[in-house]
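Peer 1: To start, I am sharing the structure in question, which I have written as structure tokens.
The values are calculated or read from the model by the stated rules, or taken from the named source; none is laboratory data. None of the values given here were measured: they were computed from a predicted structure. With ideal geometry, Cβ positions are generated from the backbone for all residues, glycine too; neighbour counts draw on all protein chains shown. Surface accessibility is based on the protein's heavy atoms, side chains included, excluding ligands, DNA and RNA. Shrake-Rupley method; radii C 1.70, N 1.55, O 1.52, S 1.80 Å.
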Amino acid sequence: HIIAAESGPELAAEQYRVLLQEVPPFDMVLLGIGEDGHTASLFPGHEFAHDRTVLPVYNAPKYPAQRVTLSPAMLSRCHHLLFLVTGRSKSAAVSRWQRGEKLPVSLIRAIEDAVVLIDDRHDGSLQQSAQRATRVQKAAAVLCIFRREQNLRRADTVGDQNLLIGKHELHLAG
């Protein structure tokens, strides 16, 4: 369903809220992370109404300044959560997230499991952090560094969120 953002943030958010009120939990939510730790138009330094499922966004630091997004609570109504992180410009934000800083990306949880996939173009400090299996989310999560030259086999979750992909087995349960 498309958000009618051309109606303006407040009206579009209300219209989308009505549309989503009968929606069961999402099967999967796919998100990225910005250089500042934002995700899904949820930016650091902005307040998020915890009692709303769809939010109008004003003064976004990236174009367009006015937007509509789902709240962290609504995005967390998913069985599976996948964060796809690519590019060196995200390294500092991911490191801050790993250290437990309160960033918008850290507010989103999954009902069953969350996976963070990080491209191998990040700097060495990220790979070292991943190998130490640093916590990414307080909820069970898995952090994997993907290497393009590896032939990755199917990733299986076993036990309490161990995941084996290529050379990296990481345990980040809550």
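Peer 1: Say whether the condition of being closer than 22 Å to residue 9 by Cα and either of a type in the set (Lys, Arg) or crowded, with 22+ Cβ neighbours inside 10 Å (or both) is met by at least one residue in segment 97-104.
Peer 2: The answer is yes; a qualifying residue exists.
Peer 1: What do you reckon, is residue 61 over 18 Å from the mean Cα position of the chain (by Cα) and assigned to a strand (DSSP E or B)?
Peer 2: Considered against the rule, which asks whether it is over 18 Å from the mean Cα position of the chain (by Cα) and assigned to a strand (DSSP E or B), residue 61 comes out as no.
Peer 1: Hey, could you check segment 3-19 for residues that are among the aliphatic types (A, V, I, L, M) and in a loop (DSSP other than H, G, I, E, B) and say which is least open to solvent (accessible area, probe 1.4 Å)?
Peer 2: 4
Peer 1: Next up: If you go through segment 20-44 one residue at a time, how many are open to solvent by less than 80 Å² (accessible area, probe 1.4 Å) and more than 24 Å from residue 86 (Cβ to Cβ)?
Peer 2: The qualifying residues number 3.
Peer 1: For segment 67-94, give me each residue that is more than 24 Å from residue 27 (Cα to Cα) and surrounded by fewer than 15 Cβ atoms within 10 Å (Cβ to Cβ).
Peer 2: 87, 88, 89
Peer 1: Being surrounded by 22 or more Cβ atoms within 10 Å (Cβ to Cβ) and at pLDDT below 90: is that true of residue 110 here?
Peer 2: Details: surrounded by 22 or more Cβ atoms within 10 Å (Cβ to Cβ): yes; at pLDDT below 90: no.
For residue 110, the condition - surrounded by 22 or more Cβ atoms within 10 Å (Cβ to Cβ) and at pLDDT below 90 - is not met.
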